[in-house]
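The values are calculated or read from the model by the stated rules, or taken from the named source; none is laboratory data. In this text the structure is predicted, and so the values were computed from the model without any measurement. A quick note on method: Cβ atoms are made from the backbone with ideal geometry, for glycine too, and the neighbour counts reach across all protein chains shown. Side chains included, ligands, DNA and RNA excluded: accessible areas come from the protein's heavy atoms. Shrake-Rupley method; radii C 1.70, N 1.55, O 1.52, S 1.80 Å.
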Amino acid sequence: MMDTPLFLSEPDPRRPGLPLPERERWQPLRLGLVELYHYDSEEFWFRDGHLLLRGNNGTGKSKVLSLTLPFLLDAQLKPSRIEPDADAGKKMSWNLLMGTYPRRMGYAWLEFGRIADDGRAHYLTLGAGLSAVEARPQVDCWYFIIDAAADAPRINQDIWLTSGQRVVLTRDRLREALQGRGQVFDTARTYRRAVDERLFRLGSQRYDALMDTLIQLRQPQLSKKPNEIALSNALSEALPPLPTELVADVAEARAVAKEKADTASRLFEQRSTERADAVARFQRFAATGLLLAAWPDAPLPDVEGGWTIDPALTLARRTEQALSEIKHDDEAWARVQKEVAGDFMELQRALSARGHQAQAEQSDWGLIVHVLYQNRPERPDALALRLAEEITQRNELLTAKEREILENHLQAEIAAEIQRLLQAADAQRNLINRELHRRPTSTGVRYRLLWLPLSEEEGAPVGFEAARKRLLNINADLRTAQDRSVVGAMLQQRIAAERERADVSAGPGGGSLADQLARALDYRRWHQFRVERWQDGSWRKLSGPASSGERALGLTVPLFAAVASFYTQSNYTLAPRLMLLDEAFAGIDDAARAHCMGLIREFDLDFVITSEREWACYAELPGVSICQLQRKEGIDAVYVSRWSWDGRARVREADPDRRFVPQ
């Protein structure tokens, strides 16, 4: 055991006090690295939820971002997720070994804080442990969460990720240290779910989409290479999908109807099989030549081919007529009785194997056989006809019932929910446009965001244009029967098309019925976003003639809105509102940067951004922590000088001096 304790009972008064939360919602307070890259132990503080990492190229500002965000939320080690430039050659193991260490273990962590209803500060810390060994390509990774209680320990004050001898804690030592005050996760999946449950409460699908949007926004110098398709995709993903419970209700209704239809089909197939067996037995009897021996002129169908019910039944009836005069003395009767008894036993075996029963009673003219159906005796041939008619009627009723269930549900709950989502998305677009209108660029250029329906050729549902007008403009209570029919037909067409697609694929991509319905009713895929700019008295496409700065601004700002939409649409109002930018606002002038900062404030976004020249000291931004990184080649260290901006002045800040356990 280590001699130095992992916990300290009292904060060290010689060090600056840690940052405290000021908002009711979660905001980032600090992020840190331990034995990663050129850092032995370092932490970076936020101010008002904002952190700027600045410095020349090669100082590692993007490296700090890649090792912390969104990695500590995303928990994926693929370079396409870790590295801002998605370079597949940049492996996580290099951040540990760096070509000089034979083995190395380190940590990345991120602390959030908020003020609870009782006025007490609550803290929650996310972290990841990483271990790499030379000549082994895989990095061992584990994760931890320090719980959000008011007395949750804070890293580098109450708990340390290194021992007193500056040895990094192993996974097991960390588990011991956090017992009762946090949790260690061995898999990324369980950790991601826990992070979402504690901080965002979006659900797996929306959480994945948020991670994708953060990664899209974090691309280096995004403003220098705007991508309108990526923008539209990001904004679409930011819209909420249909509630899963509503989709599940429809899936369950369809499943019940399908189960009933399948049961009827199985019964019909069973009866058809029994009837086919009877025809086959008659055919086999005829093939023996006995029938022709008794009735040489019998109009036999081809005994080599399969007989159908109609000619077999006709032959049986005509045979009965033709052989009505056949000898039936005692000897013949005894012989026939024996044969009939054998046939009856065979019939009983066939029916009992399918859960049914046959009855026979002896009469003066022979053995009469009935099949029990619904507690009533039925003659086999009559029963076969009755079942065929009943199954046909039942299938028609089931089809009508299924259609009734779907129409009622689709035209009521789902149509109402899609209407609500369409109207909410349109209102959100209008809100974004109001903010954009209030903030023209220094040259007077304004931007607006359009949310346009796709045409049927572009992938929209058949009849969507007419249905969309009704959903957006007509209150559900005021819709006519024709309005409901137009909307219901469009939605049912989408479901039918998706089921057909799933049937064709007939593989894992088809998914469950609920998955098929979720895809079929995903209104987000029926639209596209587009940005236009107001210049010289008219609205113009962003892709038209414009300066690179104007085009970059027109695509960067709506992405802010996309990230904000994830948090706005969530029912959990305490979620942090993170945004990430690498080499922020490249190619955008100072006035436009101030414009962006004002929008960040309006959208109430927290951020970590990196820049070579940006200081982020704008009146539009009330507070930001600034860390200037400096590094000299050949020295395994990064120097961090610290500043803060309070909306009026930039001031130098003291070093936290919390790298190692106090001696």
Rounded to a whole %, the carbon-and-sulfur portion of the accessible area of the stretch 410-482 at a 1.4 Å probe is 49 percent
The size of the Cβ-based charge dipole (Lys, Arg +1; Asp, Glu -1) of the chain about the Cα centre, to the nearest 20 debye, is 2700 debye
Partner aspartates and glutamates whose C-alpha sits under 14 Å from that of residue 469, ignoring same-chain residues fewer than 8 away, are 426, 483
For the stretch 129-215, the percent of accessible surface on carbon and sulfur atoms (probe 1.4 angstrom, ligands and nucleic acids excluded) is 45 percent
Taking 0.36 nm per residue of separation between residue 437 and residue 194 and subtracting their Cα-Cα distance, the length gained on full extension comes to 83.5 nm
Between the Cα axis of helix 309-322 and the main Cα principal axis of the chain, the angle (0 to 90°, nearest 10) is 10 degrees
Convex hull around the C-alpha positions of the stretch 141-216: the volume in Å³ per residue is 122 Å³
With every protein chain kept in place and a 1.4 Å probe, the residues 211, 345 fall, from largest accessible area down, as 345, 211
Cα-based Rg/(2.2 N^0.38 Å) for the chain, rounded to two decimals, is 1.43
accessible surface per residue for the chain, probe 1.4 Å, DNA/RNA/ligands not counted, whole Å² -> 49 Å²
For the chain, longest principal axis from Cα atoms; helix 330-352 axis from its Cα atoms; angle between them, nearest 10 degrees, is 10 degrees
One would report the antiparallel percent of DSSP beta bridges in the chain, rounded to the nearest 5, as 85 percent
The size of the Cβ-based charge dipole (Lys, Arg +1; Asp, Glu -1) of the stretch 46-117 about the Cα centre, to the nearest 20 debye, is 320 debye
Residue separation between residue 663 and residue 338 times 0.36 nm, minus their alpha-carbon distance, gives in nm 106.5 nm
Ranking 214, 141, 340 by how far each Cα lies towards the positive end of the charge dipole of the chain (+1 on Lys and Arg Cβ, -1 on Asp and Glu Cβ), the top one is 214
Rounded to a whole number, the Stokes-Einstein D of the stretch 72-129 in µm²/s (Kirkwood radius over Cα pairs; 25 °C; 0.890 mPa s) is 176 µm²/s
